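Worksheet: the structure to be examined is printed underneath.
The values are calculated or read from the model by the stated rules, or taken from the named source; none is laboratory data. Note that this is a predicted model, so its numbers are computed, not measured. Quick reminder, even Gly has a Cβ in these numbers, built from the backbone with ideal geometry, and neighbours come from all protein chains shown. Calculation scope for accessible area: heavy atoms of the full protein, side chains included, ligands and nucleic acids excluded. Shrake-Rupley method; radii C 1.70, N 1.55, O 1.52, S 1.80 Å.
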Amino acid sequence: MDVLVTPTPRLQGELQALSSKNYTTRYLLVAALAEGTSTIYYPAHSEDSDAMRRCIRDMGAVIEEDDTKMTITGFGSRPRDVKELDVGNAGAVLRFLMAIAALAPGVTFINRYPDSLGKRPHDDLIDALGQIGVDVRHNDGKLPITIRGGAAKGGKIQVSGNVSSQFLSALLFLTPLLQEDSEIEVLHDLKSKVVVGQTLEVLEQAGIVIEASEDLMRYRVKGGQKYAAKEYVVQGDYPGSAAVLAAAAVTRSDVKLHRLMENSKQGERAIVDVLRLMEVPLTHDNGVVHVQGNGKLKALEFDGDKATDAVLAMVAAAVFAEGTSRFYDVENLRYKECDRITDFLNELRKAGANVEERRSEIIVHGRPEGVEGGVEINAHYDHRVIMALTVVGLRAKAPIRIRDAHHVAKSYPIFFDHMKALGANVEWVAPN
Ligand SMILES: O=C(O)C1=C[C@@H](OP(=O)(O)O)[C@@H](O)[C@H](O)C1
Ligand SMILES: C=C(OP(=O)(O)O)C(=O)O
C-alpha cells in the first residue's frame, strides 16, 4: 500500500509513545534463554518484535499474551531442534539469533527480503562465531545462513565493531551460556556504542554478570551462567518517536508525547536535545515531551552515531532549517534496511530538498521556504525512510506519495494512525 502525504501546516494532540523495539527484542530473547517463566509488560508490537517472538517460539519458548503483557517460559540453553527460522527483515533479530543458534544442532535463516536484509553483511559475526568453533555456511557473508552449533565452548573472541554493534551484542547474549569462560575484544571502532549499553542493562536485569571495560571494547564473561526468569517493563521508543517529534518541529504545533523517560539509555533520546539546539520550543518533564513548534528551525552539526536510528528524522527536520546542517560519523547508515545515505538522499532530493552526501556524512542546506513535493517516493523497504519522508511531505508545496509505505510496520505499524490523530493529512491509497 502507498501513503499520500498532503501538506499540513498544524499538528495538535497527545500520544502515548509506542513501546521500544530494541528493549522488546532483548527482553524476549533473555526470557527465552531463561528456564522459568518471565513476564514482559507493554511489549512492542511490530514486524521486528513479532519476528523475535516467532523465532523463539519455533526454538521452543512457550508464549502467552494478553493486552498488556506476555509471559514466556524459556528454553534455557537448549533450543529445540528447528530446521528453519524466518526473521523477516529484522537485522538485530537475525544477528542475535545467529549467535544463539550456536546452541542448536543446525538451523537455516531464510532470505525473505532479498532486497533489504538479504543485502546486509554479517561477515564480522560469522568470523567471530568461527573463532569458537561454530560452523557457519553462508552466501558471501549474507543470507541464507546455516549454523551448525553444538561445538562452541567459549574462549577468546575478536569481533569487529565498525559495521554494526549487533555482532557484539549477539556474542554478549551467547557467551554466558557456553561451558567455558570467554574474553571478547572489539576490533577497530565500535559503532552504535550506546546500544551496547542497552544490551548490558538487559543482561544485568536477567541476572547475567559481565565485566566490561569502560570504553566497551573488552569483556570478560564467565561461562556456565543461567539467565533468571524475571519481570520486565518495556519503556517508550525514542527512534520511532523521533519522527513524530520532528513532524511537530517542522509545523506549527502543540504536541505531547508521553512515556519518554528522560534518563533512558536509548541514544535516540538525543532527538530532544537536537531539536532544542535547533531552537524548537519544547519541554521534557516527567516522561512527557511537549513540542510547541512555530515552524522555525536552526541548522546544527551532530554526531549521528550517538543516535543512529533517529538520524533520518533529524535530517528531515534539518531540511527546513535556516542554514546548513551536518550529520557526521554516520557511515554505518549505509548497512541498514537500505543505504540510508545514498538511497535516502535520492528520495529527499526528489522531494525538493538540497542535500549532499559524503562517505560518512549527510549535509543538508536548509530550505525554510519549504520544498516542492509532488513526487512519488521509493520506500526502499525502510520504515525510517518512510517516516522521514512523511515529515518532509507535511511541509511540501504539493502532496508526496510514498510507495510501499506498509513497510513502516517493521517498527511502527500505527505511525500513520498516530500522525492522523495529530491532524496530519495522510491517507492509505492502493498502489496504481
Ligand atoms: O542492537 C540493536 O537492537 C540495534 C542496533 C543498531 O544497529 P547497528 O549496531 O547496526 O547500528 C540499531 O540501528 C538497530 O535498529 C537496533
Ligand atoms: C536498522 C534498524 O533495525 P535492524 O538493524 O534491527 O534491522 C532500525 O530499526 O532502524
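Scanning region 12-26 for residues that are within 14 Å of ligand 1 (Cβ to nearest atom) and open to solvent by less than 10 Å² (accessible area, probe 1.4 Å) yields SER20, TYR23, THR24, THR25, ARG26. Within region 370-391, the residues that satisfy the criterion of being closer than 15 Å to LEU4 by Cβ, more than 21 Å from the chain's Cα centre (by Cα) and not acidic (Asp, Glu) are GLY373, GLY374, VAL375, ILE377.
Residue pairs, Cβ under 7 Å, 6 or more apart or interchain, first in region 80-91 and more than 20 Å from VAL62 (Cβ to Cβ), second assigned to a loop (DSSP other than H, G, I, E, B) and within 9 Å of ligand 2 (Cβ to nearest atom). List them. Short answer, once both residue conditions are applied: ASN89/SER116; ASN89/GLU337; GLY91/ARG120.
Output the residues belonging to region 199-243 that are farther than 26 Å from HIS45 by Cβ and in contact with a strand residue (DSSP E or B) (Cβ under 7 Å, 6 or more places away or on another chain). Selection gives GLY207, ILE208, ILE210, GLU211, ALA212, LEU216, MET217, ARG218, TYR219, ARG220, VAL221, GLY223. All of LEU333, LEU345 fail the test of being open to solvent by less than 10 Å² (accessible area, probe 1.4 Å) and over 21 Å from TYR238 (Cα atoms), apart from LEU345. Can we say LYS256 is open to solvent by 30 Å² or more (accessible area, probe 1.4 Å), within 24 Å of the chain's Cα centre (by Cα) and not aromatic (Phe, Trp, Tyr)? Considered against the rule, which asks whether it is open to solvent by 30 Å² or more (accessible area, probe 1.4 Å), within 24 Å of the chain's Cα centre (by Cα) and not aromatic (Phe, Trp, Tyr), LYS256 comes out as yes. For region 158-176, a residue qualifies if it is open to solvent by less than 30 Å² (accessible area, probe 1.4 Å) and polar (S, T, N, Q), and the qualifying residues are SER160, SER164, SER165, SER169, THR175.
Whether any residue in region 297-312 is more than 17 Å from the chain's Cα centre (by Cα), crowded, with 24+ Cβ neighbours inside 10 Å and either at pLDDT 95 or above or assigned to a strand (DSSP E or B) (or both) is what I want to check. Yes, region 297-312 contains at least one residue that is more than 17 Å from the chain's Cα centre (by Cα), crowded, with 24+ Cβ neighbours inside 10 Å and either at pLDDT 95 or above or assigned to a strand (DSSP E or B) (or both). On inspection, ALA152 does not qualify as out of contact with any Ser or Thr (no Cβ under 7 Å at 6 or more places or on another chain) and either under 30 Å from ALA388 (Cα atoms) or open to solvent by 20 Å² or more (accessible area, probe 1.4 Å) (or both).
Restricted to region 277-306, and to residues there that are among the small types (Gly, Ala, Ser) and in contact (Cβ under 8 Å) with a residue 60 or more places away in the chain, the residue that is nearest to ligand 1 (Cβ to nearest atom) is ALA299. Of the residues making up region 341-357, those that are over 13 Å from ASN378 (Cβ atoms) and under 23 Å from the mean Cα position of the chain (by Cα) number 2.
Of all residues in region 139-161, those that are over 18 Å from SER182 (Cβ atoms) have Cβ atoms under 7 Å from Cβ atoms of residues that are of a type in the set (S, T, N, Q) and outside any strand (DSSP E or B), 6 or more apart or on another chain, in LEU143/ASN111; PRO144/ASN111.
Within region 117-136, residues that are at positive phi reach partners that are more than 16 Å from ligand 2 (Cβ to nearest atom) and open to solvent by 40 Å² or more (accessible area, probe 1.4 Å) with beta carbons closer than 6 Å, at six or more positions or on different chains, in the pairs GLY133/ALA151. On the basis of being of a type outside the set (Phe, Trp, Tyr), within 16 Å of ligand 1 (Cβ to nearest atom), modelled with pLDDT of 95 or more and over 21 Å from GLY13 (Cα atoms), does HIS406 make the cut? Judged against the criteria, HIS406 is not a match.
Any residue that is touching a residue at least 12 places away in the same chain (Cβ under 8 Å), in contact with a Lys or Arg (Cβ under 6 Å, 6 or more places away or on another chain), of a type in the set (Gly, Ala, Ser) and not in a helix (DSSP H, G or I) - is there at least one of those in region 382-396? The answer is no; no qualifying residue exists. Taking the criterion of being more than 19 Å from ASP127 (Cα to Cα) and open to solvent by less than 40 Å² (accessible area, probe 1.4 Å), the residues of region 177-205 that qualify are LEU177, SER192, VAL195, VAL196, GLY197, GLN198, THR199, LEU200, VAL202, LEU203.
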